[in-house]
Amino acid sequence: IGLGGTEVKVQTWKRDWPAITVRAVGEHQIRNTAAALATIDLLEDQGDVCVSAGFGASLSMLRIPGRFEVFRRRPLVVLEVAHNPASFQGLATTLRSLLPKAHRGKRILLFAASRDKDWPAMLSQIAG
């Protein structure tokens, strides 16, 4: 896992997928990619699709604006549209793994949320 993406190696009941580097950053993206590849295998087993050829390459090109999007490297500016406590937990885990305590320095968080969001729980995930 790095600022440039996440390397994923998935093994399903059907095959060992070749390693894929997806642009999405974070440990949770490993689970998301594994779920997508397992879904492809399931659909192929049911005869619904035959898209596995080239699917890994397509995943590696997928870009999701606002999902741990590195806007600038110096200083590091990351854009993230986390909108619930679970997605904020993923953000917090990713930040802690990419920026160890010894290299953290000063941090600034610009946060906005709709009234209907559980913002105290969201911010508690990133505190500390």
Kyte-Doolittle at least -0.5, axis length at least 15 Å by Cα - qualifying DSSP helices, the chain: 27-45, 85-98
Straight-distance crosslink candidates among lysines, where the alpha carbon sits under 28 Å from Lys106 and sequence neighbours closer than 8 are dropped: Lys117
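If you roll a 1.4 Å probe over the chain with all protein chains in place, what percent of the accessible area is carbon or sulfur? Don't skip to the end; give the middle numbers.
Numbers: 4880 of 8550 Å².
Carbon and sulfur: 57 percent of the exposed surface of the chain.
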Mean Cβ neighbour count within 10 Å, used as a protection proxy, ranking 54-64, 13-23 highest first: 13-23, 54-64
Accessible-area value, Leu123, 1.4 Å probe, nucleic acids and ligands omitted, Å²: 50 Å²
The chain - accessible surface per residue (Å², probe 1.4 Å): 67 Å²
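Where the eigenvalues come from the Cα gyration tensor of the chain, what are the semi-axes √(5λ) of the equivalent ellipsoid, largest first, in whole Å?
On the way: eigenvalues 198, 58, 32 Å².
The three semi-axes for the chain are 31, 17, 13 Å.
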Inter-centroid distance (Cα atoms) of the range 77-99 relative to the range 1-48, Å: 20 Å
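Stretched out fully, how many nm does the piece from Leu62 to Lys106 gain, at 0.36 nm a residue minus the Cα gap?
On the way: separation 44, 0.36 × 44 = 15.84 nm, distance 3.13 nm.
Residue separation times 0.36 nm, minus the Cα-Cα distance, leaves 12.7 nm.
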Positive-end residue, the range 1-70 charge dipole about Cα centroid, Cβ charges, pick of Gly5, Val70, Ala38: Val70
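The values are calculated or read from the model by the stated rules, or taken from the named source; none is laboratory data. The shown structure was predicted, so the numbers you read here are calculated from the model rather than taken from an experiment. We place every Cβ from the backbone using ideal geometry, glycine too, and count neighbours over all the protein chains shown. We work out accessible area using only protein heavy atoms, side chains counted, and drop any ligands, DNA or RNA first. Shrake-Rupley method; radii C 1.70, N 1.55, O 1.52, S 1.80 Å.
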